[in-house]
Amino acid sequence: MDRTIFEEEHDHFRDAVRRFVDKEVVPNREAWEAQGRVDRSLFTAAGAAGLLGIAAPEAHGGGGMDDFRYNAIVSEVLAEADVLSAGLGLSLQADIALPYLLHQANEEQQARWLPGAVSGETILALAMSEPGAGSDVAGIATTARRDGDHYVVDGGKTFITNGQNADLVITAVKTDPTERHKGISLLVIEADRDGFSRGRKLAKVGQHAADTSELFFDGVRVPVENLLGEEGKGFYAMMGNLAQERLSIAVQAVAQAERSVEASVAYAKQRQAFGSPIGSFQHIRFTLAELQTQVDVARTYVDRLLMDHVEGRLSDVDAAKAKWWTTELCQQIVDRCVQVHGGYGYMAEYPVARAWVDSRIQTIYGGTTEIMKEIIGRSMGL
Ligand SMILES: Cc1cc2nc3c(=O)[nH]c(=O)nc-3n(C[C@H](O)[C@H](O)[C@H](O)COP(=O)(O)OP(=O)(O)OC[C@H]3O[C@@H](n4cnc5c(N)ncnc54)[C@H](O)[C@@H]3O)c2cc1C
């Protein structure tokens with residue numbers, strides 16, 4: 001189905017991203033999965049290619065283009081090359097963490113942190129989740145006690161993407177443990193501060209290139225100049241940035257589903273059984289016809305939200321709808337694509353097999369399907 005949201009400059013950008021992905025990502029994917037993390041050079045290469053700070057001001061090395069279609073193109077090209085689902089950490093940096101520096105950081109902080117984040121010299125992590133609090137962000141227990149011109153941070157985080165590689169950790173802390181939402185603030189914590197340590201790189205069922213980790217804070221002294229935004233306003237800042245995070249995940253879900261269908265159609269044309277290509281059996285043909293229809297319908301909604309976002313009117317509720325619906329759909333589609341591939345669909349060398357395990361997380365991170373439905377239900381007055 002033709003898409004109508006892109007202009008000529010987006011097509012040129014897509015070609016450039018394809019060259020970057022072919023050169024810098026595809027040849028390394030297997031090695032990164034084997035070592036359980038990407039090399040830091042991925043980030044500097046992505047920074048040099050202009051992929052990490054598209055929306056950042058040019059004065060700080062960014063592209064100066066507040067147009068999320070460019071970010072979407074990066075995810076789509078990674079999916080097309082069968083490397084999106086490996087867990088590269090690029091979208092965490094560019095789509096999810098960077099907005100905190102763009103929207104919550106003051107000028108001095110932007111001058112300090114943006115150039116590195118945009119060039120990829122500085123790898124970002126966003127640390128909200130804790131062993132005892134994931135969906136219930138207001139229930140976090142990591143504290144930041146004010147002591148003169150510093151905060152003293154104690155606690156621990158888990159499931160943190162880019163956890164081993166990160167240089168700067170945007171950390172949700174309780175500055176007022178007696179409060180829930182109003183007690184949360186955001187501190188940017190440099191990974192070389194005394195008392196900060198990285199725990200286990202967690203063994204996951206999929207996304208093997210992602211260094212999803214535990215992080216610990218033991219009396220870490222952080223200067224007040226590292227407070228992002230106002231004290232006590234961290235929860236609201238996080239909620240403000242989550243619509244883009246959820247749209248980013250929805251874009252990835254549709255791109256992954258589309259790629260898996262495409263691979264399955266190609267497979268169905270060449271795989272023979274009972275003397276015919278399996279795609280000639282009505283069941284397989286109908287299955288793939290259904291899946292392609294679902295991808296097109298999902299994409300139409302997500303493309304509309306991309307334009308809403310470009311025009312500054314993406315709503316939290318619409319982003320929540322896109323997030324839960326496309327990620328649940330992606331799982332169903334990829335699962336049926338595995339079936340079309342037969343036994344080969346279970347072999348890790350086949351992209352569809354990797355996508356099957358890798359994309360399972362999509363309905364959980366960035367807010368679970370159930371939390372998305374809570375947001376939507378509340379907006380309906382329920
Ligand atoms: C690979 C990976 C990468 C991640 N990256 C990051 C990261 O970079 N930074 C970060 O901060 N976090 C990250 N996370 C954490 C992720 O955001 C959380 O796992 C997620 O928000 C769910 O929290 P939880 O695991 O504590 O589950 P819980 O909140 O304990 O939920 C358990 C179940 O209960 C359901 N549930 C909870 N509350 C309700 C409710 N009110 N109504 C109905 N059902 C409910 C949930 O939907 C879920 O099904 C990552 C996780 C993974 C696995």
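Computed from the coordinates by the stated procedures, all read-outs in this text should not be read as laboratory data. Just so it is clear, the model here is predicted, and its values are computed rather than measured.
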Check: Within the chain, which complete DSSP H helices have Cα atoms spanning at least 24 Å along the helix axis and a mean Kyte-Doolittle hydropathy of -1.0 or higher?
Finding: 234-270, 282-310, 316-340
Check: Okay, helix-only estimate at 222 nm for the chain: each DSSP H run of n ≥ 4 adds -39500 (n - 2.57), divide by all residues, round to 500 deg cm²/dmol; what do you get?
Finding: -14500 deg cm²/dmol
Checklist line | Calculated P(r) of the chain - Cα pairs past 29 Å, % | finding: 42
Check: What is the projected area of the convex hull of the Cα atoms of the range 258-358, averaged over all directions, in nm²?
Finding: 6.9
Item checked: Reach of Lys233 by Cα under 18 Å, taken over lysines that are not fewer than 8 positions away in the same chain -> Lys174, Lys182
Item checked: Along each principal axis, Cα extent of the range 142-250, largest first, Å -> 43, 32, 23
